[in-house]
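A quick write-up on the structure given underneath.
The values are calculated or read from the model by the stated rules, or taken from the named source; none is laboratory data. This one's a predicted model, so the numbers in the text were calculated from it and none came from an experiment. Here Cβ is always computed from backbone atoms with ideal geometry, including for glycine, and neighbour counts include all displayed protein chains. SASA here: full protein model, heavy atoms, side chains in, ligands and nucleic acids out. Shrake-Rupley method; radii C 1.70, N 1.55, O 1.52, S 1.80 Å.
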4 protein chains.
Amino acid sequence: MDINGLQEEIATFALERDWEKFHTVKNLVLALLGEAGELASVVQWLEKVDKEFLDSNTEVRQDLADELADVFIYLIRIADVSGIDILKAAQEKMQKNSDRYTVEKSFGNAEKQ
Amino acid sequence: MDINGLQEEIATFALERDWEKFHTVKNLVLALLGEAGELASVVQWLEKVDKEFLDSNTEVRQDLADELADVFIYLIRIADVSGIDILKAAQEKMQKNSDRYTVEKSFGNAEKQ
Amino acid sequence: MDINGLQEEIATFALERDWEKFHTVKNLVLALLGEAGELASVVQWLEKVDKEFLDSNTEVRQDLADELADVFIYLIRIADVSGIDILKAAQEKMQKNSDRYTVEKSFGNAEKQ
Amino acid sequence: MDINGLQEEIATFALERDWEKFHTVKNLVLALLGEAGELASVVQWLEKVDKEFLDSNTEVRQDLADELADVFIYLIRIADVSGIDILKAAQEKMQKNSDRYTVEKSFGNAEKQ
(Lines give C-alpha, C1' and ligand atoms only; values in the text may rest on other atoms or scores of the structure.)
Protein backbone atom coordinates (compact mmCIF):
# COMPACT_ATOMS: atom_id res chain seq x y z
CA MET A 1 0.00 0.00 0.00
CA ASP A 2 1.19 3.53 -0.73
CA ILE A 3 0.25 6.84 0.86
CA ASN A 4 -2.77 7.37 -1.39
CA GLY A 5 -4.15 3.97 -0.49
CA LEU A 6 -3.67 4.78 3.17
CA GLN A 7 -5.42 8.13 2.76
CA GLU A 8 -8.37 6.38 1.20
CA GLU A 9 -8.49 3.76 3.95
CA ILE A 10 -8.53 6.48 6.61
CA ALA A 11 -11.30 8.38 4.81
CA THR A 12 -13.41 5.22 4.56
CA PHE A 13 -12.79 4.46 8.24
CA ALA A 14 -14.17 7.89 9.21
CA LEU A 15 -17.08 7.70 6.80
CA GLU A 16 -18.20 4.26 8.03
CA ARG A 17 -18.28 5.54 11.62
CA ASP A 18 -20.02 8.83 10.78
CA TRP A 19 -16.94 10.62 12.10
CA GLU A 20 -16.66 13.15 9.28
CA LYS A 21 -18.56 15.64 11.44
CA PHE A 22 -15.72 15.53 13.99
CA HIS A 23 -12.98 15.85 11.38
CA THR A 24 -12.71 19.60 10.99
CA VAL A 25 -9.16 20.82 10.39
CA LYS A 26 -8.93 22.41 13.84
CA ASN A 27 -10.18 19.27 15.60
CA LEU A 28 -7.74 17.12 13.63
CA VAL A 29 -4.84 19.43 14.49
CA LEU A 30 -5.75 19.04 18.17
CA ALA A 31 -5.87 15.26 17.67
CA LEU A 32 -2.48 15.25 15.92
CA LEU A 33 -1.00 17.19 18.83
CA GLY A 34 -2.49 14.72 21.27
CA GLU A 35 -0.74 11.89 19.45
CA ALA A 36 2.50 13.87 19.11
CA GLY A 37 2.33 14.33 22.89
CA GLU A 38 2.07 10.56 23.33
CA LEU A 39 5.14 10.22 21.12
CA ALA A 40 6.96 12.58 23.49
CA SER A 41 5.80 10.52 26.48
CA VAL A 42 7.40 7.37 25.03
CA VAL A 43 10.89 8.87 25.06
CA GLN A 44 10.72 11.50 27.83
CA TRP A 45 12.64 9.67 30.56
CA LEU A 46 14.84 7.46 28.39
CA GLU A 47 18.51 8.33 28.39
CA LYS A 48 19.51 7.47 24.86
CA VAL A 49 17.17 6.28 22.13
CA ASP A 50 19.00 4.98 19.08
CA LYS A 51 18.89 1.86 16.89
CA GLU A 52 21.08 -0.07 19.30
CA PHE A 53 18.84 0.75 22.25
CA LEU A 54 15.71 -0.06 20.25
CA ASP A 55 17.19 -3.39 19.11
CA SER A 56 17.41 -4.40 22.79
CA ASN A 57 14.12 -2.76 23.78
CA THR A 58 11.72 -3.88 21.10
CA GLU A 59 8.65 -2.92 23.13
CA VAL A 60 9.85 0.70 23.06
CA ARG A 61 10.29 0.46 19.27
CA GLN A 62 6.73 -0.87 19.04
CA ASP A 63 5.43 2.01 21.20
CA LEU A 64 7.33 4.47 19.01
CA ALA A 65 5.94 2.84 15.86
CA ASP A 66 2.38 3.03 17.21
CA GLU A 67 2.66 6.70 18.13
CA LEU A 68 4.40 7.66 14.87
CA ALA A 69 1.59 5.83 13.08
CA ASP A 70 -1.06 7.81 14.98
CA VAL A 71 0.59 11.12 14.10
CA PHE A 72 0.94 9.97 10.50
CA ILE A 73 -2.72 8.96 10.25
CA TYR A 74 -3.93 12.38 11.45
CA LEU A 75 -1.38 14.12 9.21
CA ILE A 76 -2.73 12.34 6.16
CA ARG A 77 -6.30 13.01 7.24
CA ILE A 78 -5.64 16.77 7.68
CA ALA A 79 -4.05 16.89 4.23
CA ASP A 80 -7.05 15.07 2.78
CA VAL A 81 -9.76 17.29 4.27
CA SER A 82 -7.69 20.40 3.39
CA GLY A 83 -7.12 19.42 -0.24
CA ILE A 84 -3.34 19.24 0.18
CA ASP A 85 -1.02 16.76 -1.56
CA ILE A 86 1.27 15.89 1.33
CA LEU A 87 4.02 14.25 -0.73
CA LYS A 88 4.15 17.23 -3.07
CA ALA A 89 4.15 19.63 -0.09
CA ALA A 90 7.06 17.73 1.47
CA GLN A 91 9.08 17.83 -1.73
CA GLU A 92 8.50 21.57 -2.10
CA LYS A 93 9.50 22.07 1.54
CA MET A 94 12.70 20.09 1.01
CA GLN A 95 13.52 22.41 -1.89
CA LYS A 96 12.92 25.48 0.31
CA ASN A 97 15.08 23.93 3.05
CA SER A 98 17.80 23.28 0.50
CA ASP A 99 17.82 26.93 -0.53
CA ARG A 100 17.68 28.18 3.06
CA TYR A 101 20.16 25.84 4.66
CA THR A 102 22.92 25.65 2.08
CA VAL A 103 25.64 23.10 2.79
CA GLU A 104 28.12 25.96 2.89
CA LYS A 105 26.36 27.91 5.65
CA SER A 106 24.90 24.99 7.58
CA PHE A 107 27.65 22.38 7.64
CA GLY A 108 27.89 21.16 11.22
CA ASN A 109 25.43 23.67 12.66
CA ALA A 110 21.65 23.46 12.66
CA GLU A 111 20.90 27.08 13.55
CA LYS A 112 17.99 28.76 11.85
CA GLN A 113 19.20 30.91 8.96
CA MET B 1 8.43 10.37 -5.67
CA ASP B 2 7.14 7.98 -3.02
CA ILE B 3 7.74 7.89 0.72
CA ASN B 4 10.93 5.84 0.44
CA GLY B 5 12.40 8.31 -2.01
CA LEU B 6 11.52 11.14 0.36
CA GLN B 7 13.10 9.30 3.29
CA GLU B 8 16.30 8.91 1.31
CA GLU B 9 16.30 12.56 0.28
CA ILE B 10 15.92 13.65 3.92
CA ALA B 11 18.73 11.34 5.03
CA THR B 12 21.04 12.71 2.33
CA PHE B 13 20.11 16.28 3.31
CA ALA B 14 21.17 15.61 6.92
CA LEU B 15 24.33 13.74 5.91
CA GLU B 16 25.53 16.49 3.58
CA ARG B 17 25.18 19.07 6.37
CA ASP B 18 26.79 16.90 9.05
CA TRP B 19 23.49 17.03 10.94
CA GLU B 20 23.35 13.34 11.83
CA LYS B 21 24.87 14.18 15.20
CA PHE B 22 21.81 16.31 16.02
CA HIS B 23 19.32 13.70 14.83
CA THR B 24 18.87 11.59 17.91
CA VAL B 25 15.34 10.28 18.36
CA LYS B 26 14.68 12.57 21.34
CA ASN B 27 15.92 15.67 19.51
CA LEU B 28 13.82 14.80 16.46
CA VAL B 29 10.72 14.30 18.61
CA LEU B 30 11.28 17.79 20.07
CA ALA B 31 11.68 19.13 16.52
CA LEU B 32 8.49 17.40 15.37
CA LEU B 33 6.62 18.95 18.29
CA GLY B 34 8.01 22.35 17.37
CA GLU B 35 6.60 21.97 13.87
CA ALA B 36 3.30 20.55 15.14
CA GLY B 37 3.09 23.67 17.32
CA GLU B 38 3.52 25.84 14.22
CA LEU B 39 0.70 23.88 12.61
CA ALA B 40 -1.48 24.76 15.61
CA SER B 41 -0.51 28.43 15.28
CA VAL B 42 -1.76 28.53 11.69
CA VAL B 43 -5.33 27.65 12.69
CA GLN B 44 -5.58 28.85 16.30
CA TRP B 45 -7.65 32.01 15.76
CA LEU B 46 -9.48 31.00 12.60
CA GLU B 47 -13.18 30.37 13.01
CA LYS B 48 -13.78 27.60 10.52
CA VAL B 49 -11.13 25.90 8.42
CA ASP B 50 -12.56 23.71 5.68
CA LYS B 51 -12.05 23.26 1.95
CA GLU B 52 -14.36 26.16 1.13
CA PHE B 53 -12.47 28.51 3.45
CA LEU B 54 -9.11 27.30 2.11
CA ASP B 55 -10.26 27.79 -1.49
CA SER B 56 -10.81 31.48 -0.70
CA ASN B 57 -7.72 31.78 1.52
CA THR B 58 -5.01 30.09 -0.48
CA GLU B 59 -2.22 31.62 1.61
CA VAL B 60 -3.61 29.78 4.66
CA ARG B 61 -3.66 26.54 2.64
CA GLN B 62 -0.01 27.16 1.70
CA ASP B 63 0.87 27.79 5.38
CA LEU B 64 -0.94 24.59 6.34
CA ALA B 65 0.85 22.66 3.58
CA ASP B 66 4.25 23.98 4.73
CA GLU B 67 3.65 23.03 8.37
CA LEU B 68 2.19 19.62 7.52
CA ALA B 69 5.27 19.06 5.36
CA ASP B 70 7.60 19.97 8.24
CA VAL B 71 5.84 17.54 10.59
CA PHE B 72 5.92 14.88 7.86
CA ILE B 73 9.64 15.35 7.22
CA TYR B 74 10.52 14.87 10.91
CA LEU B 75 8.10 11.94 11.16
CA ILE B 76 9.85 10.17 8.30
CA ARG B 77 13.25 11.02 9.75
CA ILE B 78 12.35 9.59 13.19
CA ALA B 79 11.07 6.41 11.55
CA ASP B 80 14.31 6.17 9.56
CA VAL B 81 16.73 6.59 12.47
CA SER B 82 14.57 4.23 14.61
CA GLY B 83 14.42 1.46 12.01
CA ILE B 84 10.64 1.69 11.67
CA ASP B 85 8.65 1.19 8.45
CA ILE B 86 6.15 4.02 8.82
CA LEU B 87 3.71 2.81 6.14
CA LYS B 88 3.63 -0.66 7.67
CA ALA B 89 3.21 0.83 11.17
CA ALA B 90 0.27 2.93 9.93
CA GLN B 91 -1.44 -0.07 8.33
CA GLU B 92 -1.04 -2.10 11.52
CA LYS B 93 -2.43 0.80 13.54
CA MET B 94 -5.44 1.08 11.25
CA GLN B 95 -6.07 -2.62 11.86
CA LYS B 96 -5.88 -2.09 15.65
CA ASN B 97 -8.21 0.93 15.33
CA SER B 98 -10.61 -1.17 13.31
CA ASP B 99 -10.74 -3.80 16.07
CA ARG B 100 -11.03 -1.23 18.84
CA TYR B 101 -13.53 1.13 17.27
CA THR B 102 -16.00 -1.19 15.63
CA VAL B 103 -18.64 0.46 13.45
CA GLU B 104 -21.26 -0.93 15.78
CA LYS B 105 -19.88 0.66 18.94
CA SER B 106 -18.47 3.83 17.42
CA PHE B 107 -21.05 4.97 14.89
CA GLY B 108 -21.56 8.66 15.44
CA ASN B 109 -19.42 8.91 18.55
CA ALA B 110 -15.65 9.23 18.74
CA GLU B 111 -15.22 8.37 22.40
CA LYS B 112 -12.24 6.25 23.41
CA GLN B 113 -13.31 2.65 23.86
CA MET C 1 -0.30 28.01 48.91
CA ASP C 2 1.34 30.27 46.36
CA ILE C 3 3.50 29.46 43.35
CA ASN C 4 6.72 29.35 45.36
CA GLY C 5 5.23 26.89 47.79
CA LEU C 6 4.10 24.74 44.90
CA GLN C 7 7.56 24.88 43.31
CA GLU C 8 9.08 23.69 46.56
CA GLU C 9 6.54 20.88 46.90
CA ILE C 10 7.32 19.67 43.37
CA ALA C 11 11.07 19.77 44.03
CA THR C 12 10.65 17.77 47.23
CA PHE C 13 8.45 15.26 45.41
CA ALA C 14 11.19 14.65 42.83
CA LEU C 15 13.97 14.53 45.43
CA GLU C 16 12.16 11.98 47.61
CA ARG C 17 11.72 9.66 44.60
CA ASP C 18 15.29 10.10 43.31
CA TRP C 19 13.80 11.56 40.15
CA GLU C 20 16.19 14.50 39.85
CA LYS C 21 18.30 12.45 37.45
CA PHE C 22 15.34 12.32 35.03
CA HIS C 23 14.56 16.02 35.36
CA THR C 24 16.86 17.52 32.74
CA VAL C 25 15.38 20.51 30.94
CA LYS C 26 14.98 18.59 27.68
CA ASN C 27 13.24 15.65 29.38
CA LEU C 28 10.92 18.01 31.23
CA VAL C 29 10.05 19.84 28.02
CA LEU C 30 9.13 16.47 26.47
CA ALA C 31 7.02 15.71 29.55
CA LEU C 32 5.28 19.09 29.38
CA LEU C 33 4.44 18.45 25.73
CA GLY C 34 3.06 15.05 26.64
CA GLU C 35 0.71 16.69 29.13
CA ALA C 36 -0.18 19.52 26.73
CA GLY C 37 -1.10 16.77 24.26
CA GLU C 38 -3.44 15.25 26.84
CA LEU C 39 -5.00 18.69 27.28
CA ALA C 40 -5.63 18.75 23.52
CA SER C 41 -7.19 15.28 23.70
CA VAL C 42 -9.74 16.44 26.26
CA VAL C 43 -11.23 19.04 23.91
CA GLN C 44 -10.46 17.65 20.43
CA TRP C 45 -13.91 16.34 19.47
CA LEU C 46 -16.05 18.68 21.58
CA GLU C 47 -18.04 21.22 19.64
CA LYS C 48 -18.01 24.17 21.97
CA VAL C 49 -16.18 24.39 25.27
CA ASP C 50 -17.15 27.39 27.36
CA LYS C 51 -18.26 28.03 30.95
CA GLU C 52 -21.86 27.11 30.16
CA PHE C 53 -20.83 23.77 28.63
CA LEU C 54 -18.46 23.06 31.51
CA ASP C 55 -21.17 23.87 34.08
CA SER C 56 -23.26 21.06 32.59
CA ASN C 57 -20.30 18.75 31.99
CA THR C 58 -18.38 18.88 35.23
CA GLU C 59 -16.38 15.73 34.41
CA VAL C 60 -14.91 17.57 31.39
CA ARG C 61 -14.02 20.51 33.63
CA GLN C 62 -12.30 18.09 36.01
CA ASP C 63 -10.37 16.51 33.10
CA LEU C 64 -9.37 19.98 31.93
CA ALA C 65 -8.30 20.95 35.46
CA ASP C 66 -6.19 17.80 35.79
CA GLU C 67 -4.41 18.34 32.46
CA LEU C 68 -3.87 22.06 33.07
CA ALA C 69 -2.42 21.09 36.44
CA ASP C 70 -0.02 18.62 34.84
CA VAL C 71 1.23 21.21 32.35
CA PHE C 72 1.54 23.73 35.18
CA ILE C 73 3.54 21.34 37.37
CA TYR C 74 6.08 20.67 34.60
CA LEU C 75 6.21 24.36 33.74
CA ILE C 76 7.12 25.25 37.31
CA ARG C 77 9.62 22.41 37.45
CA ILE C 78 11.36 23.56 34.23
CA ALA C 79 11.56 27.10 35.59
CA ASP C 80 13.02 25.77 38.83
CA VAL C 81 15.76 23.62 37.31
CA SER C 82 16.58 26.42 34.83
CA GLY C 83 16.87 29.15 37.45
CA ILE C 84 13.98 31.15 36.00
CA ASP C 85 11.44 33.18 38.00
CA ILE C 86 8.26 32.27 36.11
CA LEU C 87 6.06 35.03 37.55
CA LYS C 88 8.68 37.65 36.68
CA ALA C 89 9.11 36.14 33.20
CA ALA C 90 5.35 36.30 32.63
CA GLN C 91 5.15 39.93 33.72
CA GLU C 92 8.01 40.87 31.41
CA LYS C 93 6.34 38.99 28.56
CA MET C 94 3.07 40.82 29.18
CA GLN C 95 5.01 44.09 28.90
CA LYS C 96 6.53 42.98 25.58
CA ASN C 97 3.09 41.90 24.34
CA SER C 98 1.71 45.27 25.36
CA ASP C 99 4.35 47.05 23.28
CA ARG C 100 3.96 44.70 20.32
CA TYR C 101 0.18 44.44 20.22
CA THR C 102 -0.93 47.99 20.89
CA VAL C 103 -4.66 48.45 21.35
CA GLU C 104 -4.63 50.74 18.33
CA LYS C 105 -3.17 48.17 15.93
CA SER C 106 -4.67 45.04 17.44
CA PHE C 107 -8.23 45.98 18.31
CA GLY C 108 -10.43 43.19 17.03
CA ASN C 109 -7.67 41.29 15.23
CA ALA C 110 -5.17 38.88 16.72
CA GLU C 111 -2.71 38.78 13.83
CA LYS C 112 0.97 38.65 14.63
CA GLN C 113 2.51 42.11 14.31
CA MET D 1 2.32 40.30 41.68
CA ASP D 2 0.80 36.90 42.33
CA ILE D 3 -1.00 34.52 40.00
CA ASN D 4 -4.40 36.15 40.53
CA GLY D 5 -3.01 39.55 39.63
CA LEU D 6 -1.48 38.06 36.50
CA GLN D 7 -4.78 36.39 35.55
CA GLU D 8 -6.53 39.72 35.86
CA GLU D 9 -3.87 41.51 33.80
CA ILE D 10 -4.23 38.91 31.02
CA ALA D 11 -8.02 39.22 31.06
CA THR D 12 -7.80 43.01 30.80
CA PHE D 13 -5.29 42.72 27.97
CA ALA D 14 -7.72 40.57 25.97
CA LEU D 15 -10.71 42.74 26.80
CA GLU D 16 -8.99 45.98 25.73
CA ARG D 17 -8.13 44.43 22.34
CA ASP D 18 -11.57 42.88 21.79
CA TRP D 19 -9.87 39.48 21.76
CA GLU D 20 -12.39 37.71 23.96
CA LYS D 21 -14.13 36.43 20.83
CA PHE D 22 -10.94 34.53 19.90
CA HIS D 23 -10.42 33.13 23.39
CA THR D 24 -12.53 29.99 23.27
CA VAL D 25 -11.06 27.09 25.22
CA LYS D 26 -10.23 25.14 22.04
CA ASN D 27 -8.50 28.12 20.41
CA LEU D 28 -6.51 28.79 23.58
CA VAL D 29 -5.43 25.14 23.79
CA LEU D 30 -4.16 25.42 20.20
CA ALA D 31 -2.34 28.61 21.15
CA LEU D 32 -0.80 26.97 24.23
CA LEU D 33 0.44 24.11 22.05
CA GLY D 34 1.93 26.60 19.62
CA GLU D 35 3.92 28.16 22.44
CA ALA D 36 4.87 24.77 23.91
CA GLY D 37 6.20 23.93 20.44
CA GLU D 38 8.36 27.06 20.52
CA LEU D 39 9.66 25.92 23.91
CA ALA D 40 10.65 22.61 22.28
CA SER D 41 12.39 24.50 19.46
CA VAL D 42 14.61 26.36 21.92
CA VAL D 43 16.17 23.15 23.26
CA GLN D 44 15.83 20.70 20.36
CA TRP D 45 19.42 20.68 19.10
CA LEU D 46 21.19 21.55 22.35
CA GLU D 47 23.21 18.76 23.89
CA LYS D 48 22.77 19.43 27.56
CA VAL D 49 20.63 22.14 29.10
CA ASP D 50 21.23 22.64 32.79
CA LYS D 51 21.92 25.55 35.14
CA GLU D 52 25.62 25.50 34.31
CA PHE D 53 24.95 25.65 30.57
CA LEU D 54 22.36 28.39 31.05
CA ASP D 55 24.73 30.43 33.21
CA SER D 56 27.13 30.56 30.25
CA ASN D 57 24.38 30.95 27.63
CA THR D 58 22.17 33.63 29.07
CA GLU D 59 20.42 34.26 25.73
CA VAL D 60 19.17 30.67 25.80
CA ARG D 61 17.87 31.20 29.35
CA GLN D 62 16.08 34.33 28.14
CA ASP D 63 14.54 32.39 25.21
CA LEU D 64 13.46 29.67 27.64
CA ALA D 65 11.99 32.25 30.01
CA ASP D 66 10.06 33.90 27.18
CA GLU D 67 8.58 30.62 25.94
CA LEU D 68 7.76 29.38 29.44
CA ALA D 69 6.05 32.71 30.01
CA ASP D 70 3.96 32.32 26.84
CA VAL D 71 2.84 28.84 27.87
CA PHE D 72 2.08 30.13 31.37
CA ILE D 73 0.02 33.05 30.08
CA TYR D 74 -2.19 30.79 27.96
CA LEU D 75 -2.44 28.28 30.80
CA ILE D 76 -3.76 30.95 33.15
CA ARG D 77 -6.09 32.26 30.47
CA ILE D 78 -7.57 28.79 29.82
CA ALA D 79 -8.10 28.31 33.54
CA ASP D 80 -9.80 31.70 33.74
CA VAL D 81 -12.24 31.21 30.86
CA SER D 82 -12.97 27.66 32.10
CA GLY D 83 -13.68 28.67 35.68
CA ILE D 84 -10.79 26.62 37.06
CA ASP D 85 -8.59 27.59 40.02
CA ILE D 86 -5.20 26.55 38.65
CA LEU D 87 -3.32 26.63 41.97
CA LYS D 88 -5.98 24.48 43.61
CA ALA D 89 -5.99 22.10 40.64
CA ALA D 90 -2.20 21.75 40.88
CA GLN D 91 -2.33 21.01 44.61
CA GLU D 92 -5.00 18.37 44.08
CA LYS D 93 -2.95 16.84 41.27
CA MET D 94 0.15 16.71 43.49
CA GLN D 95 -1.94 14.83 46.04
CA LYS D 96 -3.08 12.33 43.39
CA ASN D 97 0.53 11.95 42.20
CA SER D 98 1.60 11.34 45.77
CA ASP D 99 -0.93 8.52 46.12
CA ARG D 100 -0.11 7.04 42.73
CA TYR D 101 3.66 7.29 42.83
CA THR D 102 4.50 6.29 46.35
CA VAL D 103 8.14 6.70 47.36
CA GLU D 104 8.27 2.97 47.96
CA LYS D 105 7.20 1.97 44.44
CA SER D 106 8.73 4.84 42.53
CA PHE D 107 12.12 5.39 44.12
CA GLY D 108 14.61 5.70 41.27
CA ASN D 109 12.14 4.84 38.51
CA ALA D 110 9.67 7.14 36.81
CA GLU D 111 7.53 4.50 35.16
CA LYS D 112 3.79 5.02 35.07
CA GLN D 113 2.12 3.05 37.82
Matching residues in the range B:74-92 - criterion: being open to solvent by less than 30 Å² (accessible area, probe 1.4 Å), in contact with an Asp or Glu (Cβ under 8 Å, 6 or more places away or on another chain) and of a type outside the set (Gly, Ala, Ser) | B:Leu87
Scanning the range B:1-59 for residues that are within 18 Å of A:Gly83 (Cα to Cα) and crowded, with 20+ Cβ neighbours inside 10 Å, which turns out farthest from the other protein chains (Cβ to nearest Cβ)?
-> B:Val42
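When the range A:65-85 is examined, which residues are found to be under 30 Å from A:Asp55 (Cβ atoms) and small (Gly, Ala, Ser)? Let's see the steps before the verdict.
So in the range A:65-85, the residues under 30 Å from A:Asp55 (Cβ atoms) come out as A:65-76.
Correct list: A:Ala65, A:Ala69.
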In the list C:Ala11, C:Ala36, which residue meets the criterion of being within 27 Å of B:Gly108 (Cα to Cα), touching a residue at least 24 places away in the same chain (Cβ under 8 Å) and within 18 Å of the chain's Cα centre (by Cα)?
-> C:Ala36
Can you confirm whether the range C:70-89 contains a residue that is facing another protein chain (nearest Cβ under 7 Å) and among the charged types (D, E, K, R)?
-> yes
Please determine, by comparing only the residues of the range B:97-107 that are assigned to a helix (DSSP H, G or I) and more than 8 Å from chain A (Cβ to nearest Cβ), which one is surrounded by the fewest Cβ atoms within 10 Å (Cβ to Cβ).
-> B:Glu104
Matching option when the condition is modelled with pLDDT of 95 or more and outside any helix (DSSP H, G or I), among B:Leu33, B:Leu46 | B:Leu46
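If you take the residues of the range A:67-93 that are over 13 Å from the mean Cα position of the chain (by Cα) and among the basic types (Lys, Arg), which of them is nearest to B:Ala90 (Cα to Cα)?
Initially, the range A:67-93 is screened for residues over 13 Å from the mean Cα position of the chain (by Cα), giving A:80-85, A:88-89, A:91-93.
Next cut, among the basic types (Lys, Arg) only: A:88, A:93.
Values: A:Lys88: 20, A:Lys93: 23 Å.
The residue in question is A:Lys88.
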Going through the range C:60-73 one residue at a time, which ones are closer than 27 Å to C:Gln7 by Cβ, open to solvent by 10 Å² or more (accessible area, probe 1.4 Å) and touching a residue at least 12 places away in the same chain (Cβ under 8 Å)?
-> C:Asp63, C:Glu67, C:Asp70, C:Ile73
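Have a look at B:Ala65, B:Ala79, B:Ala110 and point out the one that is outside any helix (DSSP H, G or I) and of a type in the set (A, V, I, L, M). Before you say what the answer is, go through the steps one by one.
Details: B:Ala65 fails: outside any helix (DSSP H, G or I); B:Ala79 fails: outside any helix (DSSP H, G or I).
Selected residue: B:Ala110, the only one of B:Ala65, B:Ala79, B:Ala110 that is outside any helix (DSSP H, G or I) and of a type in the set (A, V, I, L, M).
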